[in-house]
1. Each label point is 7 Å from the Cα along the Cα-to-Cβ direction; what then is the distance between the points at residue 44 and residue 102, in nm?
2. If R₀ is 51 angstrom, what is the calculated FRET efficiency for the pair residue 198 and residue 124, using the beta carbon separation as r and rounding to 0.05?
3. What is the mean projected area of the alpha carbon convex hull for the stretch 169-294, to one decimal in square nanometres?
4. Suppose each label sits 7 Å from its Cα in the direction of the beta carbon; what would the residue 61-residue 230 distance come out to in nanometres?
5. 7 Å from Cα along Cα→Cβ at both residue 110 and residue 184: what's the point-to-point distance in nm?
């Protein structure tokens, strides 16, 4: 039987009670359609937050009952939930109504990331923002990138979350630092985990790659295992750019940085623009990247 914490986490951001499969993130769609849907989801989220903010400013704490009534602040799979600046869960228009009255500060995503704390800290610094994390999509039955967009009104924080069709650059950076830690702790045995589908470092279109800085040999590549053993100098992107050599140069000169190029997305099977973050760990370059849209 799932633990109480697991059930609570699933309810918090799993989506509204009724969600059609057509509304779930479909990463098999063409890259252009994915980008268009991402933009539409972001616009719907902002519109829902606008309505919620106006309602909260008008009604004050009496608005909590309205936020928790089914349908009033729901748009398809999107819904508003409310926490205060101390992490107390106050209202929800989705299945997370069972969290009302609980403190959710310590909730984590599927990678152990304290995303609620990030929302609280972000809202203290700025009145609006967003936090990206990974969460189980109950429609697709797998962990996917998700974006929580928040807006602070007084000591209340309005939040709407949606599944992102692309893993973000921030999630890629987070994966890199997890891989850096793993490599520092486990040494070269970590490299086999980076290549293993069940190793915890391959997540849809997000994966880790490792290159030897002394010999330029690809040691790990979660997206295209056939690249392992090849020399960086032999690999170019769709436009002929020696992007791995550029990464090696960045790692040697600065220790960390980012490189943009065009690469095949394993989900859409199309060449797409990609932005990768890399970090030097001894004689290795560790990196991961996010696809940022169709190649022009």
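Any read-out appearing in this document is the output of simple, stated calculations on the displayed coordinates, not a laboratory observation. None of these values were measured; they are calculated from a predicted model. Cβ placement follows ideal geometry from the backbone for every residue including glycine, while neighbour counts extend to all protein chains displayed.
1. Inter-label distance under the simple model: 2.6 nm.
2. That gives a FRET efficiency of 0.85.
3. Over all viewing directions, the stretch 169-294 projects a mean Cα-hull area of 6.7 nm².
4. Taking the two extended label points, one gets 6.2 nm.
5. Simple spin-label model gives 2.6 nm for this pair.
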